[in-house]
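*Asks:* The following block contains the structure, expressed as structure tokens.
The values are calculated or read from the model by the stated rules, or taken from the named source; none is laboratory data. In this text, all values refer to a predicted model and were calculated from it rather than measured experimentally. With ideal geometry, Cβ positions are generated from the backbone for all residues, glycine too; neighbour counts draw on all protein chains shown. Note: accessible area is taken over every heavy atom of the protein model, side chains too, but ligands, DNA and RNA are not part of it. Shrake-Rupley method; radii C 1.70, N 1.55, O 1.52, S 1.80 Å.
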Amino acid sequence: MSKHAIDLTLNGQRRSAGVEARTSLADYLRLDAGCTGVHLGCEHGVCGACTVTVDGRAVRSCLMLAVQADGCAVTTVEGLAAPDGTFHPVQQAMREAHGLQCGFCTPGVLMTFAALTGGEARASEEELVSAMSGHVCRCTGYQGIRRAARALAEGTVGAGAGAAE
Amino acid sequence: MNAPNSSLGATRWIGQRVPRKEDPRLLTGRGQFVDDIVLPGMLHVAFARSPIARGRIVSIDTAAAREMPGVHGVLTMADLAARPITMLSFFFTEAEIPITPLADGHVSYAGEPVVLVAAETRAQAEDAASLVEIAYEELDPVVTIAQARTAGPIHPGMDSNVAAEIGDEEIEDELEDTLAGSALRLSHRIVHQRISQSPMETRGVLASRDGPEELQLWITCQSPHLVARWVSLALGLPDSAIRVVAKDVGGAFGLKNHPWKEECAVIVAALLMGKPLKWIEDRYEALTASNQAREAEMTLQAGFDAEGRLTGSHGIYDCNNGAFPQGADSNIAVHMFVWAAYKQPAYAFVSRG
Ligand code: FES
Ligand code: FES
């Protein structure tokens with residue numbers, strides 16, 4: 001198998017790697033980069049568990065090849081919280097709303113919400129809920145996730161409390 | 001009035017929103033699911049599976065698979081037989097038919113694992129598994145409850161396709177008289193579709209033989225203790241020989257009570273090869289070959305008196321448990337639930353699975 005050299009920024013750190021042409025971004029992140037928060041529920045682009053952001057946009061890392069991430073800035077769930085452990089608002093919102101049970105789908109949901117609410121992005125509750133059509137959660141019945149979406153859209157996420165202890 | 005002492009007893013929790021202690025790790029990508037565990041020298045498993053629902057295995061050719069880069073082992077049931085394992089039901093009982101980790105001579109469902117390939121990466125294992133050549137003599141599949149009633153037994157040497165039966169289809173005279181004498185007698189047939197549990201985290205196991213009587217398992221499951229007990233009985237090892245770790249589990253829904261064919265094949269292969277082996281089911285495998293639940297048909301009769309009070313009932317319950325039921329006798333439990341909320345003077349039934 002041919003190897004290709006890639007350089008990318010992963011969770012704010014520069015990384016170089018040699019990857020096979022067929023290696024998905026998800027497999028590279030999990031197996032090479034140790035980002036095991038990237039979860040694989042289907043490897044078919046259906047469940048959304050593998051979602052990361054690439055240059056700020058939510059992407060299913062099982063459908064993107066690692067070579068395509070050459071030169072990109074990739075953020076995984078491991079890169080969401082502040083260095084001191086303070087939760088990102090999407091993490092805080094999901095925690096307060098009990099938006100997770102087993103936590104397997106959760107990293108993908110967090111990354112989609114982060115892409116739609118971070119920086120200049122100000123998605124409405126409807127937009128966040130409609131983005132959830134790209135995620136499957138078998139545990140929660142989605143109501144907690146809906147409440148998290150509302151809190152994010154309305155800006156009512158508790159300020160800083162409950163940081164990663 | 002004294003304020004309740006909120007630091008003591010149940011008052012601390014009742015009515016409170018309690019933050020879960022596992023949330024911080026799950027929200028920051030620090031959960032530990034089976035596929036997140038890596039051991040030195042670990043190999044990855046992929047299976048060559050049956051594409052047909054029923055047939056005899058004519059030949060298995062593993063030569064090309066063995067030649068592939070990174071491949072350390074290509075094992076059939078003949079190889080696994082070197083370390084016997086007795087696969088048990090959910091109730092720790094032995095099945096009447098032999099249940100083997102890999103197919104032994106014949107296949108009985110689409111997706112049944114036939115050959116185990118262990119390689120340095122999952123991709124290499126899949127490449128090699130795709131080169132295993134298995135020739136089958138295809139037989140008519142037995143898929144539905146109706147087919148199971150009339151078809152010959154799918155397991156050689158058995159006299160029917162019923163793995164467990166309790167009760168009587170014939171209604172006894174006394175109950176028949178009660179029903180016949182009731183002001184109203186109803187009969188209704190209920191068909192319940194099959195359930196595919198489909199947890200977000202598929203099945204998976206990492207098995208490591210750490211000594212002659214020391215086996216460590218990381219397995220996505222519903223109860224590590226139940227798994228440890230089941231595996232110790234299945235392998236004939238003392239409880240203390242087996243350590244089971246299941247820190248985070250991505251849903252189970254009844255599917256992950258105890259190991260089944262694939263997990264057992266990985267455990268036995270790890271014992272034989274002396275290398276840690278990891279198998280993580282992919283979604284295609286999960287939807288094809290994971291056990292499913294509760295495809296059932298029930299015909300229920302009930303009698304009522306003129307005031308609408310129940311006088312008696314009879315139930316015929318048939319459940320499609322597939323070729324290798326994990327608990328054939330579990331069908332009996334249905335009858336405990338049917339009339340649980342009602343005063344039922346007389347009830348008789350038959351349960352078959
Ligand atoms: S694993 Fe990528 S969408 Fe399911
Ligand atoms: S929390 Fe378990 S799948 Fe969403």
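*Asks:* Consider the stretch B:179-199. How many of its residues are open to solvent by 10 Å² or more (accessible area, probe 1.4 Å) and either part of a helix (DSSP H, G or I) or within 29 Å of residue B:321 (Cβ to Cβ) (or both)?
*Replies:* Total meeting the criteria: 14.
*Asks:* Another question about this same structure. Can residue B:228 be described as away from chain A (no Cβ under 14 Å), surrounded by 19 or more Cβ atoms within 10 Å (Cβ to Cβ) and either within 16 Å of ligand 2 (Cβ to nearest atom) or part of a helix (DSSP H, G or I) (or both)?
*Replies:* The answer is yes for residue B:228.
*Asks:* Return the residue satisfying two criteria in turn: it lies in the stretch A:20-34 and is crowded, with 23+ Cβ neighbours inside 10 Å and hydrophobic (A, V, I, L, M, F, W, C), and of such residues it is farthest from ligand 2 (Cβ to nearest atom).
*Replies:* In this case the residue turns out to be A:25.
*Asks:* Okay, next question. Of the residues B:101, B:24, which single one is open to solvent by less than 30 Å² (accessible area, probe 1.4 Å) and over 29 Å from the mean Cα position of the chain (by Cα)?
*Replies:* B:24 is the lone residue from the list that is open to solvent by less than 30 Å² (accessible area, probe 1.4 Å) and over 29 Å from the mean Cα position of the chain (by Cα).
*Asks:* Tally time: how many residues in the stretch B:270-315 are over 20 Å from residue B:221 (Cα atoms) and over 16 Å from the mean Cα position of the chain (by Cα)?
*Replies:* The number of residues fulfilling the criteria is 25.
*Asks:* Looking at the structure I just gave you, is residue B:217 within 14 Å of chain A (Cβ to nearest Cβ), away from ligand 2 (no atom under 16 Å from the Cβ), in a strand (DSSP E or B) and crowded, with 24+ Cβ neighbours inside 10 Å?
*Replies:* no
*Asks:* Inside the stretch B:171-200, can you point out the residues that are within 14 Å of another protein chain (Cβ to nearest Cβ) and under 20 Å from residue B:298 (Cα atoms)?
*Replies:* B:195, B:196
*Asks:* Turning to a different aspect of this structure: Mind checking which residues of the stretch A:4-26 are under 15 Å from the mean Cα position of the chain (by Cα) and within 13 Å of another protein chain (Cβ to nearest Cβ)?
*Replies:* A:10, A:11, A:26
*Asks:* Against the condition small (Gly, Ala, Ser), surrounded by fewer than 24 Cβ atoms within 10 Å (Cβ to Cβ) and at pLDDT 95 or above, how does residue A:81 come out, does it pass?
*Replies:* For residue A:81, the condition - small (Gly, Ala, Ser), surrounded by fewer than 24 Cβ atoms within 10 Å (Cβ to Cβ) and at pLDDT 95 or above - is met.
*Asks:* Just checking, how many residues over the stretch A:63-99 are within 16 Å of ligand 2 (Cβ to nearest atom) and under 14 Å from the mean Cα position of the chain (by Cα)?
*Replies:* Number of matching residues: 4.
*Asks:* Name the single residue, out of those in the stretch A:38-61 being within 16 Å of ligand 2 (Cβ to nearest atom) and hydrophobic (A, V, I, L, M, F, W, C), that is surrounded by the fewest Cβ atoms within 10 Å (Cβ to Cβ).
*Replies:* A:46
*Asks:* Could I ask something else about it? Could you grab me the full set of residues in the stretch B:198-221 that are of a type in the set (S, T, N, Q) and farther than 13 Å from residue B:290 by Cα?
*Replies:* Residues satisfying the conditions are B:208, B:216, B:220.
*Asks:* Something else: List every residue pair whose Cβ atoms sit under 9 Å apart, with the two residues 6 or more apart in sequence or on different chains, where the first one lies in the stretch A:128-141 and is within 16 Å of ligand 1 (Cβ to nearest atom) and the second, anywhere, is at pLDDT 95 or above and charged (D, E, K, R).
*Replies:* From residues that are within 16 Å of ligand 1 (Cβ to nearest atom), the pairs are A:132/A:146; A:134/A:60.
*Asks:* Take the stretch A:32-47 and flag every residue that is near ligand 1 (Cβ under 7 Å from one of its atoms), within 16 Å of residue A:65 (Cα to Cα) and small (Gly, Ala, Ser).
*Replies:* A:45
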